[in-house]
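What follows is a single structure, written as structure tokens, with notes after it.
The values are calculated or read from the model by the stated rules, or taken from the named source; none is laboratory data. Because the structure is a prediction, the values reported are computed rather than measured. We place every Cβ from the backbone using ideal geometry, glycine too, and count neighbours over all the protein chains shown.
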Amino acid sequence: MPISEYLAGVRKHVGHALLLMPGVAGVIRNDKGEILMQRRADDGWWGLPAGSVDPGEKPAQALAREVYEETGLRVRPTKLIGLFGGADGFRHTYPSGDIVEYMVAVFACEIVGGNLQINDDESLELKFFAQADLPPTKKNFPPEIFNPNCSPETMFHWDEDWLQL
């Protein structure tokens, strides 16, 4: 899907300047336990099905919408795995020149319907991978998010050096 009306309106005021954006991503497993990955059309990198949260949307609602728009699958988020962000892997420059840095809520999801198919121009390929065979991604997600038995606690990036203010 092209840029949202909301974001297009913001871009009229700020041009291509860096915007901090709320985002969502899904760790979606098939019945074999494989993880769905999406190869992006704008840069060719693999990643999780993901997108931006629109004004008024709840993050889980945005995830269900984005996954359907991109993959044709209906998913139900079952757990908030973690919250991630920062310039190292979450900053992206689109072909238009627009720069964004995402703070991404990552959810574990179950497939409840739909048919896997590329539904928009954002994807080159959709494929399920075994956890051991996941392709490299630009996002700096900790590998633990892909473990089906990951911690029951929500994950986030942390560095003890950040206490040195």
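Among the residues of region 63-95, those identified as free of Cβ contacts under 8 Å to residues at least 40 places away in the same chain and among the small types (Gly, Ala, Ser) are Ala64, Ala87. Selection of region 117-147 for residues being more than 16 Å from the chain's Cα centre (by Cα), touching a residue at least 60 places away in the same chain (Cβ under 8 Å) and either more than 20 Å from Leu73 (Cα to Cα) or surrounded by 13 or more Cβ atoms within 10 Å (Cβ to Cβ) (or both) yields Phe129, Gln131.
Given the condition surrounded by 14 or more Cβ atoms within 10 Å (Cβ to Cβ), touching an Asp or Glu at 6+ places or on another chain (Cβ under 8 Å), part of a helix (DSSP H, G or I) and not polar (S, T, N, Q), answer yes or no: does some residue in region 67-84 qualify? Yes, region 67-84 contains a residue that is surrounded by 14 or more Cβ atoms within 10 Å (Cβ to Cβ), touching an Asp or Glu at 6+ places or on another chain (Cβ under 8 Å), part of a helix (DSSP H, G or I) and not polar (S, T, N, Q).
Could you please find all residues in region 1-57 being out of contact with any Leu (no Cβ under 9 Å at 6 or more places or on another chain), in a loop (DSSP other than H, G, I, E, B) and small (Gly, Ala, Ser)? Passing the criteria: Ser4, Gly15, Ala17, Gly33, Gly56.
Kindly evaluate Ser52 against the criterion of being of a type outside the set (A, V, I, L, M, F, W, C), buried (at least 16 other Cβ atoms within 10 Å of the Cβ), over 30 Å from Ala132 (Cβ atoms) and at pLDDT below 95. Even if it seems obvious, please write down each step before you answer.
On the way: of a type outside the set (A, V, I, L, M, F, W, C): yes; buried (at least 16 other Cβ atoms within 10 Å of the Cβ): yes; over 30 Å from Ala132 (Cβ atoms): yes; at pLDDT below 95: yes.
Yes; evaluated as a whole, the condition is true for this residue.
For region 20-37, enumerate the residues that are more than 20 Å from Asn147 (Cβ to Cβ) and surrounded by 15 or more Cβ atoms within 10 Å (Cβ to Cβ). Working first, answer last.
Of region 20-37, the ones more than 20 Å from Asn147 (Cβ to Cβ) are 20-23.
Passing the criteria: Met21, Pro22, Gly23.
Considered as a group, the residues in region 86-116 that are within 14 Å of Leu36 (Cβ to Cβ) and part of a loop (DSSP other than H, G, I, E, B) include one that is farthest from the chain's Cα centre (by Cα), and that residue is Asn115.
Would you be able to say whether some residue in region 135-150 is touching a helix residue (DSSP H, G or I) at 6+ places or on another chain (Cβ under 6 Å), assigned to a loop (DSSP other than H, G, I, E, B) and farther than 18 Å from Met21 by Cα? Spell out how you get there, then give the answer.
So in region 135-150, the residues touching a helix residue (DSSP H, G or I) at 6+ places or on another chain (Cβ under 6 Å) come out as 138-140, 146, 150.
Keeping just the survivors that are assigned to a loop (DSSP other than H, G, I, E, B) gives 138-140, 150.
Checking the rest, the ones that are also farther than 18 Å from Met21 by Cα come to 150.
Yes, some residue in region 135-150 is touching a helix residue (DSSP H, G or I) at 6+ places or on another chain (Cβ under 6 Å), assigned to a loop (DSSP other than H, G, I, E, B) and farther than 18 Å from Met21 by Cα.
The C-beta contact set for region 103-116 (first residue polar (S, T, N, Q), second residue surrounded by 18 or more Cβ atoms within 10 Å (Cβ to Cβ) and assigned to a strand (DSSP E or B), distance under 8 angstrom, 6+ apart or interchain) comprises Asn115/Leu73.
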